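Working notes for the structure below.
The values are calculated or read from the model by the stated rules, or taken from the named source; none is laboratory data. Just so you know, these numbers come straight off a predicted model, no measurement behind them. Cβ placement follows ideal geometry from the backbone for every residue including glycine, while neighbour counts extend to all protein chains displayed. Surface areas here come from the heavy atoms of the whole protein model, side chains and all, with no ligands, DNA or RNA. Shrake-Rupley method; radii C 1.70, N 1.55, O 1.52, S 1.80 Å.
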Amino acid sequence: MRGKHIILGITGGIAAYKSASLARLFVKAGAEVQVVMTPSAKEFITPVTMSALTGKPVVSEFFTANTGEWHSHVDLGLWADAMVIAPATASSIAKMAHGVADNMLITTYLSAKAPVFIAPAMDLDMMAHPSTVANIELLKSYGNHIIEPAEGELASHLIGKGRMEEPERIFDVLYRFFNDTDELAGKKVLITAGPTYEPIDPVRFIGNYSTGKMGYALADAAAARGAEVTVVSGPVEVKPSHPGVKVVKVESARQMLEACEPLFDEASIAIFSAAVADYTPAHPATSKIKRETTDLPSLELVKNPDIAATLSSRKRPGQLTVGFALETDNEADNARHKLASKHLDLIVLNSLRDSGAGFGCDTNKVTVFSPQGVVADLPLKSKQECARDIISLLTRYDPITH
Ligand code: C5P
């Protein structure tokens with residue numbers, strides 16, 4: 001993304017506040033960002049914020065009133081390597097679909113020679129209206145890329161489809177577009193993610209707070225490099241943003257191991273990021289345990305298989321296995337010990353002592369160890385950025401020279 005020219009088009013919707021984060025992500029990745037705002041977008045976020053973040057004056061009018069300086073949408077259209085319109089309101093989508101060139105953003109869109117990415121954001125009924133649906137279809141038929149809105153709570157407090165996709169995910173789409181690299185092309189990558197649920201009875205389980213965010217971010221990052229990725233995932237809400245990622249859903253550790261076994265044999269890289277329960281009830285009840293019919297029950301537990309250790313111990317030459325260690329104390333020693341005892345090539349340590357690292361958060365701070373020592377010590381960053389760094393490291397990693 002370094003040195004790429006991106007036009008960030010902002011239209012007048014509540015989600016415009018997220019455009020600031022998106023601009024920042026592009027700038028941090030080394031891109032040059034030119035913001036073009038519709039007049040109504042300025043009601044939602046100020047040009048001052050956007051120009052401060054991008055280091056470039058925002059373009060919004062056809063000319064500067066006091067000097068008469070003309071802003072050429074044609075030049076802008078030619079300058080861009082990509083144009084992203086986020087958020088795109090129903091009104092701007094309609095104007096783009098029908099060529100209603102009544103503001104600088106639409107004229108720039110009509111002049112753009114580069115691929116255009118559109119992230120709609122609107123209320124669920126507007127999104128579902130046949131005219132919006134038809135306009136989006138028209139935009140797709142012109143070759144534009146639609147970054148589908150997510151489901152969730154909307155500005156109206158209604159729940160449904162219409163929320164602009166998160167800046168991180170939009171960034172990912174552009175990152176993939178610019179880094180359509182094939183370093184991992186033809187390689188199969190297996191990733192375990194999320195928690196496991198160990199059944200106590202048909203309605204209860206032993207679980208943990210893992211959200212799967214790190215594992216799915218790794219899957220997206222590996223798929224962006226051309227890998228054929230399968231995530232074997234415990235129960236989570238999160239979904240991959242890369243369309244090529246396959247997901248196999250399981251619940252218990254045993255099911256996770258069973259699902260992984262055939263996939264591991266085919267994989268060039270296996271990343272074990274799941275938070276697998278260490279123990280499972282020895283005799284899960286087949287019907288619901290009733291409070292009235294049972295004295296305070298004690299739960300007999302048995303050890304679960306260690307998926308990372310089991311599979312890594314039968315690694316073939318050239319196959320790379322990576323584990324995670326979530327530690328609270330003696331972090332580095334524990335991580336090194338796990339690396340050796342589980343026969344891993346690399347282990348990614350996150351310390352629960354670092355704020356912003358570990359379960360649930362959107363950020364992580366990790367140190368990667370090989371048997372020879374620290375391979376990378378990364379600062380706090382989003383899980384997506386962290387995942388991209390880890391995957392970059394794996395693509396370059398050569399166990400012989402480390
Ligand atoms: O021993 P600990 O749970 O801390 O090890 C963490 C690493 O081992 C992670 O990579 C995790 O995915 C993997 N693991 C596993 N199966 C288990 C326990 C942990 O694959 N039963």
Legend entry - Which numbered condition Y17 misses (of (1) over 23 Å from T363 (Cβ atoms); (2) open to solvent by 20 Å² or more (accessible area, probe 1.4 Å)): (1)
Inset, instruction - Would you point out which residue out of G212, G226, G234 is at positive phi, in contact with a Gly (Cβ under 8 Å, 6 or more places away or on another chain) and within 16 Å of the ligand (Cβ to nearest atom)? - result: G212
Inset, instruction - Could you check, for region 368-385, whether at least one of its residues is over 22 Å from L22 (Cα atoms) and modelled with pLDDT under 90? - result: no
Inset, instruction - Please find, among P130, P149, the residue that is assigned by TED's automatic domain parsing to the domain that holds A20 and open to solvent by 50 Å² or more (accessible area, probe 1.4 Å). - result: P130
Legend entry - Residue list for region 44-54, filter: farther than 18 Å from N103 by Cβ, among the β-branched types (V, I, T) and open to solvent by 60 Å² or more (accessible area, probe 1.4 Å): V48
Inset, instruction - Looking only at region 381-397, count how many residues are open to solvent by 30 Å² or more (accessible area, probe 1.4 Å), in contact (Cβ under 8 Å) with a residue 12 or more places away in the chain and part of a helix (DSSP H, G or I). - result: 3
Inset, instruction - Among the residues of region 172-202, write down those that are in contact with a helix residue (DSSP H, G or I) (Cβ under 7 Å, 6 or more places away or on another chain), open to solvent by 10 Å² or more (accessible area, probe 1.4 Å) and not acidic (D, E). - result: Y175, R176, N179, K188
Inset, instruction - Name the residue, out of L257, L263, that is touching a Pro at 6+ places or on another chain (Cβ under 7 Å), aliphatic (A, V, I, L, M) and touching a residue at least 40 places away in the same chain (Cβ under 8 Å). - result: L257
Legend entry - Condition broken by V248, with the remaining ones in (1) within 11 Å of the ligand (Cβ to nearest atom); (2) modelled with pLDDT of 95 or more satisfied: (1)
Inset, instruction - Can you confirm whether region 36-43 contains a residue that is within 22 Å of Q384 (Cβ to Cβ), touching a residue at least 40 places away in the same chain (Cβ under 8 Å), in contact with a Ser or Thr (Cβ under 7 Å, 6 or more places away or on another chain) and open to solvent by less than 20 Å² (accessible area, probe 1.4 Å)? - result: no
Inset, instruction - Run down T363, T310, T293 and say which single residue is assigned by TED's automatic domain parsing to the domain that holds A274 and without any contact (Cβ under 8 Å) to a residue 12 or more places away in the chain. - result: T293
Inset, instruction - Check every one of the helices (runs of 4 or more DSSP H) wholly within region 55-117 and list those with 1 or more residues that are charged (D, E, K, R), assigned by TED's automatic domain parsing to the domain that holds I136 and crowded, with 16+ Cβ neighbours inside 10 Å. - result: 90-98
Legend entry - Filter result for T230 (more than 18 Å from V348 (Cβ to Cβ), open to solvent by less than 10 Å² (accessible area, probe 1.4 Å) and of a type outside the set (G, A, S)): no
Legend entry - Residue check, T192 in contact (Cβ under 8 Å) with a residue 12 or more places away in the chain and outside the structural domain of A29 (by TED's automatic domain parsing): yes
